[in-house]
1. Quote the FRET efficiency, to the nearest 0.05, computed for D173 versus E106 with a Förster distance R0 of 25 Å and r equal to the Cβ-Cβ distance.
2. For labels at Q63 and R301 in the simple 7 Å Cα→Cβ model, what's the distance in nm?
3. For V116 and R267 in the same chain, what is the full-extension length gain: residue separation times 0.36 nm, less their Cα-Cα distance, in nm?
4. Could you put S246, S51 in order, starting from the residue whose Cβ has the fewest other Cβ atoms within 10 Å?
5. Express as a percent, rounded to the nearest 5, the fraction of DSSP beta bridges in the chain (both residues included) that run antiparallel.
6. How big, in percent, is the set of alpha carbon pairs in the chain lying more than 27 Å apart?
7. How much length is gained if the chain between E196 and N147 is pulled fully straight, taking 0.36 nm per residue apart and subtracting their Cα-Cα distance, in nm to one decimal?
8. What is the ratio of the Cα radius of gyration of the stretch 102-151 to 2.2 N^0.38 Å, with N the residue count, to two decimals?
Amino acid sequence: MSSRKITLMGQLGDVDLRLLRIFRKVVECGGFSSAEVELNISRAAISMAMSDLETRLSMRLCQRGRSGFRLTSEGHDVYEATVQLLAAVEDFRTRVNGLHSRLTGELNIGITDNLVTLPDMQVTEALRALKARGDNVHINIRMAPPNDIEMAVLGGSLHAGVVPELKRVAGLDYLALYEEQSALYCSDRHPLFVREAPSVDEIAGYDAVVPSYAQTPEIKRVHEALKPMASATDREGVAFLVLTGSYLGFLPTHFARRWSDHGRMKRLAPDTFEYATRYYAITRKGRPPNLVLESFLEELRSLVEVLPCDRQRSGRHP
């Protein structure tokens, strides 16, 4: 066995672990062709990975060609070290996962109003998964306006929040969750309810309720075409006034569906009066270690990654 010292150029990272896993599989399969099936990647990709690993290690690991696949003496040493390293990584993962299954502590989370009716509510599923990972986790939810949630996360009284994208706040990390679709509605008591396709000018002539909470400039421009004769501090307040039959108002489509599906509300001029709001999970930059919070964020990320892009527009049916 060679006594040559094996060193890596720089820190060992995720890319190195991926290359080493490919190398191990190639050795165990006896060559590139058999490993191609096991790894489910092309022979060209395997060859490139092996070349990258050899460059990274500054040594030749194997001979490949017409004579077949054969490890060099350095390759034998690297393979043995790889088996030990990957076994240690798997042992670490198993131990950490064991800690996650015994989670204990609190999660204080702030959420903007009227999000629970979203068809793909990652927050609900992430909270469910978090509770399943630790019976001793105590979850505290605070419903509050976005600005209050941001300040509470910055101040540490909330571990995390779910807010619409208005303006990025320094000191916060953002994890994109989904888009919420909003549209203009009238109720079955409103004169426009029986109009098949009212014009934009006709719609603009009726009284409307506008939000008094913060909105992006783009959303404010959509509201400018309306006749503002009332205001509301949240979407539930908008719904109250729309249902009077005296006002038009924008509502999230998932929230309004409870009335529109039963003929109590109607969507108006969808090609003109609509907008999307992006929602984010927020946490404080430089926050102290918190296994409960990190487990919750891990569940959120896994849900966001597997959700198709079209279903992230959560105001629409899948």
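Laboratory data are not the source of any read-out in this text; all were calculated from the coordinates shown. On a predicted model such as this, the values are computed, not experimentally measured, just so you know. Glycine gets a Cβ as well: all are built from the backbone with ideal geometry, and neighbour counts include every protein chain shown.
1. So, using R0 = 25 Å, E works out to roughly 0.80.
2. Once both label points are built, they end up 4.4 nm from each other.
3. Full extension from V116 to R267 adds 52.3 nm.
4. Sorted ascending by nearby Cβ count, the order is S51, S246.
5. Here the share of antiparallel DSSP bridges comes out near 55 percent.
6. More than 27 Å apart: 60 percent of the Cα pairs in the chain.
7. Gain in length upon complete extension: 13.7 nm.
8. Cα-based Rg divided by the globular estimate yields 1.24.
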